[in-house]
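Comments concern the structure below.
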């Protein structure tokens, strides 16, 4: 094999593998900007005290990871979605995001995975799971995760403070 082609192939592998590490590294609800930056790298643009955005390549194109912070600098809402409308959100990436977020629930006895059409309460609001949603809620621990599948896919985790 041509040495230049071999080097180019190796560089592509490193970039792809490195990108996968960025996508799958843990960041969890309640983390600070510094905590998230350790795992995800420097945010895109200039973050402020209330929000930050990271962009990276996923299996189906560029992904946006947006985080909203409370007055104490802790994340209260985190969303992962395709950066461009019409793109897919690869299931493996979503499952890694969900797994990392659920780690803060540990062995909670109050965590529930809800079915489509099921009613639930979160932050004092009555909600219903839509047909295209996967929902995990732990009201006592202040945790709601919603994976929206379909034409505008996203996966979001929020604390009650995000709804106030």
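Read-outs throughout are calculated quantities, based only on the coordinates presented, and are distinct from any laboratory measurement. Given the structure is predicted, the values throughout are model-derived calculations rather than measurements. Please note: Cβ atoms are built from the backbone with ideal geometry, for glycine as well, and neighbour counts cover all protein chains shown.
Roughly speaking, what is the stretch gain from residue 87 to residue 164, that is 0.36 nm per residue apart minus the C-alpha to C-alpha distance, in nm to one decimal?
24.7 nm
Given the peptides 36-44, 105-113, 122-130, arrange them by the average over their residues of other C-beta atoms within 10 Å, most packed first.
Listed from highest to lowest mean packing, they are 36-44, 122-130, 105-113.
Ranked from highest to lowest mean number of other Cβ atoms within 10 Å per residue, what is the order of the peptides 137-148, 76-87? Numbers along the way, then the final one.
Working: 137-148: 18.8, 76-87: 17.2.
Final packing ranking: 137-148, 76-87.
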